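One structure below.
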Amino acid sequence: MNFERLVRGDTPITCPGCGSDQVDKLLSAPQAPGRSKDIIAAGRAAAAREGHFSNYSASDQARTRRK
């Protein structure tokens, strides 16, 4: 049976299905640094090119429309 559980340190793990403590730990690869600011900026630039400003705050809308 496969299951996921977030474990930190040497916390004992038991299978939720059968209660066995003979489980293998699998490690995930570390996540790359976030680029959400870049993704948001690209989305806003694309929306602005198309004339859509609804995803901007009121102050950002006023500043963007002046350009």
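Taken along the Cα-to-beta-carbon direction at a fixed 7 Å, the label points for residue 35 and residue 6 span 2.5 nm. The helix-only estimate of mean residue ellipticity at 222 nm for the chain, built from DSSP H runs of length n ≥ 4 each weighted as -39500 (n - 2.57), is -10500 deg cm²/dmol after division by the residue total. Build a GNM of the chain with springs between Cα atoms under 10 Å apart, and of 43, 51, 17 the one that fluctuates most is 17.
Of the solvent-accessible surface of the chain, computed with a 1.4 Å probe over protein heavy atoms with every protein chain present, carbon and sulfur atoms account for 51 percent.
Rounded to the nearest whole angstrom, the semi-axes of the ellipsoid equivalent to the chain, taken from the Cα gyration tensor as √(5λ), stand at 49, 12, 11, largest first. In the context of the full set of protein chains, residues of the chain present 94 Å² of accessible surface per residue (probe radius 1.4 Å, heavy atoms only).
The values are calculated or read from the model by the stated rules, or taken from the named source; none is laboratory data. Here the structure is a predicted model, which is why all the values come from computation and not from measurement. Here the Cβ is made from the backbone with ideal geometry for all residues, glycine too, and neighbour counts use every protein chain on show. All accessible areas refer to the heavy atoms of the entire protein, side chains included, with ligands and DNA or RNA removed. Shrake-Rupley method; radii C 1.70, N 1.55, O 1.52, S 1.80 Å.
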